[in-house]
Amino acid sequence: MCTVILQVPDGGGPVRMLAVRDEDPARPWNAPGRWWPDTHPEVVGIRDVRAGGAWLAADPAPSRLAVLLNRIDLSDRADDEVVSRGGVVLDAVAGVEPADPPPTRGFNLVQVGAGGSRVITWDGLARRDVPVPTGIHMIAHDDLDDPGTARIGAWLDAFRAEAPDPDAPASGPDAWWRPWMRLLDERSRRMSPDDDRAIIRDNRAHGFPTLSLLVCAASVGAGEVDLAYGELAEPGRWNTLVLE
């Protein structure tokens, strides 16, 4: 039940993204690095150690970034009929489209390029390709800007009100992501992690073994992808993060 916030500019500037990963903390991962030297030597990503794929990955030269959010699977396929979703992310940054139908459980695949973004949704029955219009948007386990998703209803207007400066740098004291991180800090301190409106979450109260683990900020422009990354000191509980 991860969360992604996107700023798609009007005029061709970099696309900005803030992504929060929710996962079972017992499932190991690797921080951003080049973990696929034999198959994707230029790709930097957050690797799922168990299956070997990626939750988020980027290839700077072609200005491609992809991140995957789980979505409820409506099919009746058994576990031995599906494969890991992590390969979908690596294919995406290599320019390879997901199969139709994908041989995985349901997902929302957020793809970001220098000029825009789209979301490929798969619910186990139907695949859809949704362009992300200019502006600031959110997605979690359902549709883009879905008003029925509690955290989108609670946060989207606030993120829009704190729109990053399109000309702000990707790092440093004036980094573009600082207004969004201040907002996340201020509101998460006042919100219980088991509140369904929370972004920094403990999903066990909702029947899932996943907790928020990390935050990643990305700026995707022509010929470059800048990533900043930070892990929560305690999964599922907010603490002031240092992204670097």
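Observations on the structure shown:
- Sum of side-chain charges, residue 82 neighbourhood, beta-carbon under 12 Å (Lys, Arg +1; Asp, Glu -1): -2
- Gaussian network model of the chain, springs between alpha carbon atoms under 10 Å - residue of 60, 173, 14 with greatest fluctuation: 173
- Label-to-label distance, nm, for residues given as residue 231 and residue 73 (7 Å Cα→Cβ offset): 2.7
- Charged side chains reduced to their Cβ positions (Lys and Arg at +1, Asp and Glu at -1) give the chain a dipole of some 340 debye around its Cα centre.
- Take 108-114, 122-128, 39-45 and order them by the average number of nearby Cβ atoms within 10 Å per residue, most first; the result is 108-114, 39-45, 122-128.
- Calculated FRET value between residue 27 and residue 160, using beta carbons and R₀ = 41 Å, to 0.05: 0.80
- Of 101, 191, 84, farthest towards positive along the dipole that unit charges on Lys, Arg, Asp, Glu beta carbons give the chain: 191
- In the chain, taking the dipole from charged Cβ atoms about the Cα centre, the farthest positive-side position among 53, 211, 68 is held by 211.
- Helix-only [θ]222 nm of the chain, DSSP H runs n ≥ 4, -39500 (n - 2.57) each, per residue, nearest 500: -4000 deg cm²/dmol
- Remark: the residue 195-residue 208 segment gains 3.3 nm on full extension, using 0.36 nm per residue and subtracting the alpha carbon distance.
- Most to least packed among 211-224, 129-142 [average Cβ atoms within 10 Å]: 211-224, 129-142
- The equivalent ellipsoid that matches the C-alpha gyration tensor of segment 3-231 spans semi-axes of 24, 22, 17 angstrom, in descending order.
- The label point for residue 10 and the one for residue 83, both projected 7 Å from the Cα toward the Cβ, are 4.2 nm apart.
Bear in mind these aren't lab numbers, they're just calculated from the coordinates by the rules spelled out. For clarity, every value in this text was computed on a predicted model and none was experimentally measured. When we count neighbours, we look across all protein chains shown, and the Cβ atoms used for this are built from the backbone with ideal geometry, even at glycine.
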